Amino acid sequence: GAVVSQHPSRVICKSGTSVKIECRSLDFQATTMFWYRQFPKQSLMLMATSNEGSKATYEQGVEKDKFLINHASLTLSTLTVTSAHPEDSSFYICSARMPNTGELFFGEGSRLTVL
Amino acid sequence: AQRVTQPEKLLSVFKGAPVELKCNYSYSGSPELFWYVQYSRQRLQLLLRHISRESIKGFTADLNKGETSFHLKKPFAQEEDSAMYYCALSGRTGNQFYFGTGTSLTVIP
């Protein structure tokens, strides 16, 4: 199957700093990528839909100024957690949508710990 | 608004027994429904989708628009089926993709 790569897989940062997480579709072009947040033993919560070349569409309750999403190319979307706080600590997962089939392929996830 | 509901967080069945993981959805229009599976220490992967109407690893799921359900079934559970199962819904435009809360299936040897 297609491959989606997330980087970094783990990141620890100090409170108040910003962290960027990258999501790449390695062998296909994805016009749409999704960013999810997963709390321990809970489901994936959709944060935003990222469309190449346009602004991301954020779900209700997700602060767009805090979680900056950029989809600058058909193979790369980035999520930047700005001015991170301990409550932002979580597992962030991206997925990329295969254009022809609509199937989602998932990254391995990025665990963010804010001290 | 809760778009995808999986009422069972945990489900245990014995090997060889039938298994059904429930999924109900709420969406105006005609959504696409999927089942994703996450095996231990692996990333999420597609199990099946309603438009393909195929059976994967012995699992089937039928979309019931009247009951707004998309239950996942397998007649004879295997130990390797133990995993986390997520029902998911996508709008027709493809710009939304929502997951249910997941059901952790354990198949007892």
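Of note:
- Whichever lysines have a C-alpha closer than 23 Å to that of A:Lys20, once near sequence neighbours (fewer than 8 apart) are set aside: A:Lys55, A:Lys64, A:Lys66
- log₁₀ of I(q)/I(0) at q = 0.10, 0.11 Å⁻¹ - chain A, Debye sum with one point per alpha carbon: -0.26, -0.31
- Rounded to the nearest 20, the Cβ-based charge dipole of chain B about its Cα centre (Lys and Arg +1, Asp and Glu -1) stands at 200 debye.
- Straight-distance candidates among the lysines for linking to B:Lys57, with alpha-carbon spacing under 20 Å and chain neighbours fewer than 8 residues away dropped: B:Lys15, B:Lys22, B:Lys73, B:Lys74.
- Taken residue by residue and averaged, Cβ atoms of other chains lying within 10 Å of the Cβ of A:33-43 number 3.
- Inter-part distance where the range A:57-115 and the range B:45-109 are each reduced to a Cα centre, Å: 24 Å
- Compactness of chain B was expressed as the Cα radius of gyration divided by 2.2 N^0.38 Å, which yields 1.02.
- Cysteines of chain A lacking any other cysteine Cβ under 4.7 Å from their own Cβ: A:Cys13.
- Normalised radius of gyration (Cα atoms, divided by 2.2 N^0.38 Å) for the range B:1-61: 1.25.
- In the range B:2-74, the chymotrypsin sites (Phe, Trp or Tyr not before Pro) that fall in loop regions by DSSP, at most 13 other Cβ within 10 Å: B:Tyr39
Laboratory data are not the source of any read-out in this text; all were calculated from the coordinates shown. No experiment lies behind these values; they were computed from the predicted model shown. Methodologically, a virtual Cβ is constructed for each residue, glycine included, from the backbone with ideal geometry; neighbour enumeration extends over all protein chains shown.
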